[in-house]
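I have placed the structure first, in the form of structure tokens, so that the comments after it can refer back to it.
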Amino acid sequence: MNPPPTYDVAVIGGGIVGAAIARLLGGTSLSTVLIEGRDDVGDGTSKANTAILHTGFDATPGTLESELVARGYRLLGDYAAATGIPVERTGALLVAWDDEQLAALPGLRAKAEKNGYRECELVGADEVYRRVPDLGEGALGGLTVPGESIICTWTTNLALATDAVTRGVTLLRGHRLSAVRETGSLTLLSFENGAEVGARWVVNAAGLGADTIDKLYGYDRFTVTPRRGELLVFDKLARPMVPLIVLPVPSKVGKGVLVSPTIYGNVMLGPTAEDLRDRTATGTSAEGFAFLRSKGEALMPALLQEEVTASYAGLRAAIDRNDYLIDLDVHRRYLLVGGIRSTGLTAGMAIAEHVAELLKEVLDLSARPDLPPPPRMPNLGEAFTRPYQDAAAIEADPAYGQIVCFCERVTRGEIRDALASPIPPVDVDGLRRRTRAMNGRCQGFYCGAEVCALLENGVA
Amino acid sequence: MNEHVQVLVIGGGPAGLSAAAALAPHAEVLVLDRERAMGGIPRHSDHPGYGMRDLHRFLSGPAYARRLTGLAATAGARLETEAMVTGWAGDRAAEVTSPRGRRTITADAVVLATGARERPRPARLIPGDRPDGVYTTGQLQNLVHLHHKPVGKRAVVIGSELVSWSAVLTLREAGCRTVLMTSSYDRPEAYAAFHGPGRVALRVPVRTGTRVVAIHGKGRVTGVDIEDMATGRRRRVACDTVITTGDWIPDHELARLAGLTIDPGTLGPRVDAALRTSHPGVFAAGNLLHPVDTADVAALDGRHVTRAVLDHLAGSTDARLPGVTVVADAPLSWVAPQVVAPGGAGPSRGRFLAWSSAYQRLPTVIAVQDGRMVGSVRVAWPAAPGRVFRIPFTVVRGADPAGGPVHLRLAGAEKSSPGLR
Ligand SMILES: Cc1cc2nc3c(=O)[nH]c(=O)nc-3n(C[C@H](O)[C@H](O)[C@H](O)COP(=O)(O)OP(=O)(O)OC[C@H]3O[C@@H](n4cnc5c(N)ncnc54)[C@H](O)[C@@H]3O)c2cc1C
Ligand SMILES: Cc1cc2nc3c(=O)[nH]c(=O)nc-3n(C[C@H](O)[C@H](O)[C@H](O)COP(=O)(O)OP(=O)(O)OC[C@H]3O[C@@H](n4cnc5c(N)ncnc54)[C@H](O)[C@@H]3O)c2cc1C
């Protein structure tokens, strides 16, 4: 039997965190492999979150999380501009609905300042309704967070992974790690599909699966509790009602439910927060829907009159401590990135930098000359020009004028491009994340059959 | 790119094509449809049952679609496929994307005929896993009839409207057995029309008073949980396919983006008996106005709208939505049109279209205005959930043109059991 392919570093987990780490390592002269257990990158928690680019105003001051969220906010903001990941700088407004919440606002502003964020402003009820006229009755006041923004989490994950691949990182999808064997200077990784890979260093960025892998190394230091967050996505016709992110005031009972515009031009209501055991429980529940509808009824009754376009659930990788758990075991050449709970989309690139800080003591991470430029990603943002609106693009290539998914206005040209991209989709969900096809109000009533045929047969 | 036409028809289904066929001898007409072929939903509804009232023929959906397309073309209308109106650049100025380019088309008159769709699973808030194998009837028929794809082997069909039986036929043709049909009503919606023969011919068990409360399966559907709405008892039904049928909503995006007044009952644009909307020069026809009726009725709407469009082109200053407002009282959930002149011309076919959430065998409809009964008519057909209930226009003839809203009610509705538990 041939010896397994061997790399300097193996990164386990193709979510935002693993992809950001692999991209960074891809910029050095080390050989790197990015390994994802599912059939696609970005198919875990990184695909199902509230997709807010956080300033970190409400983090716990002094934690690693607070530092990395604030830094990640700037890093990802710049990277988005360079690669075309859509970001809308909507800003957020925390709204107080009772006296206790109202009284908490100045403290939140002080906390934001401790986190290095100085732009929050207290506003009265009049100003709250001026900014969000459709808000339900009873708002007493608010706190503005002008920097909070909405972003496309799918494109973020895909851009980082694509960048890694164009920088020479090997990507293995459908490789679920099941065993680890340490042999001298090499760690042998075995996968459920029977494949094996050798690596000198291993980075565990497996999100919900990080504790399981940690245990493969014989550690017993933390347990991931999947904390389910269910969300409802409302029709695009509701978008004008929600000009910015409306946040609840965090209280003892948790963070509460927000209403936010999405980068695709919809409105999102959620998430719930419910601790579960099953790490695959990404289904939705009747109780979750009822809870969200009752919250929505109070927050914005007019919103509930609109159609629901989609519902989904994401699992936060909560751990039994109040911060990220990032630890390097030099002797075993193993690095754990754990407990990236509810801020990893924003912090991912800063987490990668932090990981590099730790690794550079033991590995040569100096940048390789002549790196390829970062990828230019297709725009999925509703606020920016899409191919169907672009007369010049259609004239040059009529496939951009052939709308296949009517609700989301996705053209044949975009589907063709996705299928020919460095990390092509392997199923409908992957195509949805790369193009928005079938994500609209009809959910495939009109286009489902056509989109599936293009995926199966390719676009001639 | 800019272009001007006299009449722009948006949507080339039965309503749009029939409007175009009737208008084209008198005016310059352009019909846009976003699909690759004209014809609307009948294109992929491959079973007989089309064309009775408008063409006096009994055709399959695709044959009907071809026929209406031919009639519109022969009458001189320009038909353009793969051309989608994505928004408005101003009053009666449509933004259009097609492989031929991005352009703005202005028109003297616009006819909206964008149809209706079934609410898919998320809009119905059915919780559970999100596996493959859950389709609307529209997607199912696209898969089977236009793409010749297999579906599963065991299907649960949610809903038992007319369209639900259409789904059962398609499933059977694709080699998939319908193991259960559920209805949240206490009678199958299409009771009078289809249930008896349907049940016998297709051997489909129908469970009334039942709703689907969860879908299971990781990759592919493995089953659904159904709940008896009276007892709350739940049961797992194994299946690999789930079809969500009916539960229609108009494709009203363009109507809403244009700022037309929307009727809270139909969720389509509010229209008068001549099918004028709240905006001068903007008209509407078909299932956009009444989700949903059969295709021939949509087609007859298309013919009916001609008069108002030609009047508008001739420069008559159309008084906007004159007349009295018509309101549907429970168990009627909507009525169309919503504005009529009691002494004036009636709606298409001289009938209001309405939707009932309760079954009554031969109901009497009464019209009440300002607390006074102004009309009453006993009809010779049932009011049944899941299909349109037709009400003769004569019921409002006695209303005061200057009075308040006219409420349409089913006599004795207070006493009859509400169908929806
Ligand atoms: C409801 C909700 C809302 C959120 N909102 C926000 C927000 O607004 N802003 C924000 O910044 N963050 C938010 N987050 C957090 C953010 O989504 C996560 O922190 C981030 O996605 C974590 O990325 P990750 O790469 O660590 O994990 P993941 O995306 O889960 O990636 C881990 C990957 O590892 C793979 N894997 C696991 N085990 C194995 C194995 N044995 N072998 C191979 N591969 C394996 C998985 O398949 C997965 O793809 C939210 C989270 C949730 C749940
Ligand atoms: C499964 C099923 C079975 C049925 N069976 C029967 C039957 O047996 N007999 C019967 O009489 N009726 C039947 N019907 C009902 C019948 O199909 C409809 O009544 C009829 O199609 C309505 O016609 P329409 O013109 O209003 O809308 P549609 O047929 O829906 O046509 C609307 C058209 O508008 C186009 N459009 C929408 N938006 C835009 C835009 N922005 N730009 C460009 N084009 C646009 C669409 O592509 C579509 O072609 C059935 C329906 C279904 C779903």
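The values are calculated or read from the model by the stated rules, or taken from the named source; none is laboratory data. Everything numeric in this text was worked out from a predicted model, so none of it was measured. With ideal geometry, Cβ positions are generated from the backbone for all residues, glycine too; neighbour counts draw on all protein chains shown.
Might you let me know whether the range A:65-72 holds any residue that is closer than 30 Å to A:VAL426 by Cα, touching an Asp or Glu at 6+ places or on another chain (Cβ under 7 Å) and either away from ligand 2 (no atom under 16 Å from the Cβ) or not assigned by TED's automatic domain parsing to the domain that holds A:LEU94 (or both)? First the steps, then the outcome.
In the first step, residues of the range A:65-72 are kept if they are closer than 30 Å to A:VAL426 by Cα; the result is A:72.
Then keep just the ones that are touching an Asp or Glu at 6+ places or on another chain (Cβ under 7 Å); that gives none.
No, because not a single residue in the range A:65-72 is closer than 30 Å to A:VAL426 by Cα, touching an Asp or Glu at 6+ places or on another chain (Cβ under 7 Å) and either away from ligand 2 (no atom under 16 Å from the Cβ) or not assigned by TED's automatic domain parsing to the domain that holds A:LEU94 (or both).
For A:LEU231, indicate whether it is more than 13 Å from A:MET300 (Cβ to Cβ), outside the structural domain of A:ASN49 (by TED's automatic domain parsing) and assigned to a helix (DSSP H, G or I). Here the answer is no, as A:LEU231 does not meet what is asked. Residue count for the range A:304-326 satisfying the condition of being of a type in the set (Asp, Glu) and either more than 11 Å from every other protein chain (Cβ to nearest Cβ) or over 30 Å from A:MET438 (Cα atoms) (or both): 2.
Considered as a group, the residues in the range B:216-242 that are touching an Asp or Glu at 6+ places or on another chain (Cβ under 6 Å) and not in a strand (DSSP E or B) include one that is nearest to B:VAL134 (Cα to Cα), and that residue is B:VAL221. Note on the range A:176-194: among residues that are within 14 Å of A:PRO4 (Cα to Cα) and in contact with an Asp or Glu (Cβ under 8 Å, 6 or more places away or on another chain), the one that is nearest to ligand 1 (Cβ to nearest atom) is A:LEU189.
Yes/no matrix, rows are residues, columns are (1) of a type in the set (Asp, Glu); (2) out of contact with any Asp or Glu (no Cβ under 7 Å at 6 or more places or on another chain); (3) within 14 Å of chain B (Cβ to nearest Cβ):
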| residue | (1), (2), (3) |
| --- | --- |
| A:LEU244 | no, yes, no |
| A:LEU247 | no, yes, no |
| A:VAL259 | no, yes, no |
| A:ILE263 | no, no, no |
| A:LEU269 | no, yes, yes |
| A:THR282 | no, yes, yes |
| A:ALA286 | no, yes, yes |
| A:GLY296 | no, yes, yes |
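Quick check on A:ASP397: is it outside the structural domain of A:ARG333 (by TED's automatic domain parsing), of a type in the set (Asp, Glu) and under 24 Å from A:VAL41 (Cβ atoms)? Answer is no for this residue.
Do we have any residue at all in the range B:129-141 that's away from every other protein chain (no Cβ under 14 Å) and modelled with pLDDT of 95 or more? I'd like the intermediate steps shown before the answer.
Step one: list which residues in the range B:129-141 are away from every other protein chain (no Cβ under 14 Å), which gives none.
No, the conditions are met nowhere in the range B:129-141.
Annotation: B:VAL157 fulfils all but one of (1) at the interface with chain A (Cβ under 10 Å from one of its Cβ atoms); (2) at pLDDT 95 or above; the unmet one is (1).
Among residues belonging to the range A:203-225 that are touching a strand residue (DSSP E or B) at 6+ places or on another chain (Cβ under 9 Å) and of a type in the set (D, E, K, R), point out the one that is nearest to A:LEU315 (Cα to Cα). Result: A:ASP211.
Is it the case, given these coordinates, that B:THR81 is at pLDDT 95 or above, over 30 Å from A:THR385 (Cα atoms) and surrounded by 15 or more Cβ atoms within 10 Å (Cβ to Cβ)?
Numbers: at pLDDT 95 or above: yes; over 30 Å from A:THR385 (Cα atoms): no; surrounded by 15 or more Cβ atoms within 10 Å (Cβ to Cβ): yes.
In short, no.
The condition of being out of contact with any Leu (no Cβ under 6 Å at 6 or more places or on another chain), within 19 Å of A:VAL308 (Cα to Cα) and within 11 Å of ligand 2 (Cβ to nearest atom) holds for only one of B:PRO264, B:PRO250, B:PRO291, that being B:PRO291.
A:ARG38 satisfies every condition listed in (1) under 17 Å from the mean Cα position of the chain (by Cα); (2) not in a loop (DSSP other than H, G, I, E, B) except (2). Quick check: anything in the range A:438-457 among the acidic types (Asp, Glu), more than 8 Å from chain B (Cβ to nearest Cβ) and farther than 26 Å from B:PRO42 by Cα? Within the range A:438-457, not a single residue is among the acidic types (Asp, Glu), more than 8 Å from chain B (Cβ to nearest Cβ) and farther than 26 Å from B:PRO42 by Cα. A Cβ distance below 7 Å, combined with a sequence gap of six or more or placement on separate chains, defines the contacts here; from the range A:215-232, residues that are within 14 Å of A:SER342 (Cα to Cα) and away from ligand 2 (no atom under 16 Å from the Cβ) reach residues that are of a type in the set (A, V, I, L, M) and in a loop (DSSP other than H, G, I, E, B) in the pairs A:PRO226/A:LEU276; A:PRO226/A:ALA281; A:ARG227/A:ALA273; A:ARG228/A:LEU276; A:ARG228/A:ALA281; A:GLY229/A:ALA273. If you go through the range A:144-159 one residue at a time, do you hit one that is out of contact with any Ser or Thr (no Cβ under 6 Å at 6 or more places or on another chain), surrounded by fewer than 21 Cβ atoms within 10 Å (Cβ to Cβ) and within 26 Å of A:VAL257 (Cβ to Cβ)? Yes - at least one qualifying residue is present in the range A:144-159. For the range A:409-436, filtering for residues that are within 11 Å of chain B (Cβ to nearest Cβ) and free of Cβ contacts under 8 Å to residues at least 60 places away in the same chain leaves 5. Output the residue which, of all residues in the range A:25-35 that are small (Gly, Ala, Ser) and part of a loop (DSSP other than H, G, I, E, B), is nearest to ligand 2 (Cβ to nearest atom). The qualifying residue nearest to ligand 2 (Cβ to nearest atom) is A:GLY27. Take the conditions (1) touching a strand residue (DSSP E or B) at 6+ places or on another chain (Cβ under 8 Å); (2) assigned to a loop (DSSP other than H, G, I, E, B); B:GLY175 misses just one of them, which is (1). For the range A:349-408, taking the residues that are within 16 Å of ligand 2 (Cβ to nearest atom) and of a type in the set (S, T, N, Q), the one that is farthest from the other protein chains (Cβ to nearest Cβ) is identified as A:GLN389. For the range B:79-96, taking the residues that are under 21 Å from B:ALA21 (Cβ atoms) and β-branched (Val, Ile, Thr), the one that is nearest to ligand 1 (Cβ to nearest atom) is identified as B:VAL85. Among the residues making up the range B:49-86, those that are more than 25 Å from B:VAL144 (Cα to Cα) and within 14 Å of chain A (Cβ to nearest Cβ) are B:GLU80, B:VAL85, B:THR86. Residue count for the range B:99-128 satisfying the condition of being surrounded by 23 or more Cβ atoms within 10 Å (Cβ to Cβ), out of contact with any Leu (no Cβ under 7 Å at 6 or more places or on another chain) and more than 10 Å from chain A (Cβ to nearest Cβ): 1.
Hey, can you tell me all the residues within the range B:34-76 that are among the aliphatic types (A, V, I, L, M) and near ligand 2 (Cβ under 10 Å from one of its atoms)?
Once the filter is applied, which keeps residues that are among the aliphatic types (A, V, I, L, M) and near ligand 2 (Cβ under 10 Å from one of its atoms), the range B:34-76 yields B:ALA37, B:MET38, B:ILE41, B:MET52, B:LEU59, B:ALA65, B:LEU68.
Checked against (1) surrounded by fewer than 24 Cβ atoms within 10 Å (Cβ to Cβ); (2) within 14 Å of chain A (Cβ to nearest Cβ); (3) in a loop (DSSP other than H, G, I, E, B), B:ALA89 passes all but a single condition, namely (3). Summed over the range B:389-421, the residues that are part of a strand (DSSP E or B) and either modelled with pLDDT under 95 or surrounded by fewer than 20 Cβ atoms within 10 Å (Cβ to Cβ) (or both) give a count of 3. Among the residues here, B:ALA83 does not qualify as farther than 15 Å from B:THR294 by Cα, of a type in the set (Gly, Ala, Ser) and more than 10 Å from ligand 2 (Cβ to nearest atom). Considering the range A:271-280, and only residues there that are within 12 Å of ligand 1 (Cβ to nearest atom) and not in a strand (DSSP E or B), the residue that is nearest to the other protein chains (Cβ to nearest Cβ) turns out to be A:THR280.
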